[in-house]
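The values are calculated or read from the model by the stated rules, or taken from the named source; none is laboratory data. All of these numbers come straight from a predicted model, not from anything done at the bench. Neighbour counts run over all protein chains shown; Cβ positions are idealised from the backbone, glycine included.
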Amino acid sequence: MARRGRVELRRIEDRTSRQVRFSKRRAGLFKKAFELAVLCDAEVALLVFSPAGKLYEYSTSSIEGTYDRYQRFAGAGTNVNGGDASSNNDGDPSNIQKTMLMTQMLIS
């Protein structure tokens, strides 16, 4: 069975193809979020905005509750692993915002 090659990450110019790819990728992303939550008993919240601005969301509990929990971690300067944010920039809110912005730019 042959493997598929790596997908080249560049904007899809054809609008219809882009919408189809977005829908399929979104479905796969939500499936992975669900699997992570079930298999690992993780609290997961996922927000996706389509290029048209439509909101798609998935959460194992309330989105607001998960966001409040995130804010408590970010405000305390700690990450989920218990270390301080200076040792791992993944918990830094500005770093997460930059990552989200880059992800949004890649999607659209």
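Within the range 53-64, which residues are without any contact (Cβ under 8 Å) to a residue 24 or more places away in the chain and surrounded by 10 or more Cβ atoms within 10 Å (Cβ to Cβ)? So that I can check it myself, show each step before the final result.
The initial filter retains those residues of the range 53-64 that are without any contact (Cβ under 8 Å) to a residue 24 or more places away in the chain, namely 53-55, 57, 59-64.
Within the range 53-64, E57, S59, T60, S61, S62, I63, E64 meet the criteria.
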Test: residue in the range 30-52 that is surrounded by 14 or more Cβ atoms within 10 Å (Cβ to Cβ), closer than 22 Å to E8 by Cα and modelled with pLDDT under 60: no
Residues (of a type in the set (A, V, I, L, M, F, W, C), closer than 30 Å to Y70 by Cβ and surrounded by 10 or more Cβ atoms within 10 Å (Cβ to Cβ)) located in the range 1-29: F22, A27, L29
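Identify the residue in the range 66-76 that is of a type in the set (G, A, S) and surrounded by fewer than 13 Cβ atoms within 10 Å (Cβ to Cβ) and, among all such residues, is modelled with the highest pLDDT.
Ranking the qualifying residues of the range 66-76, first place goes to G75.
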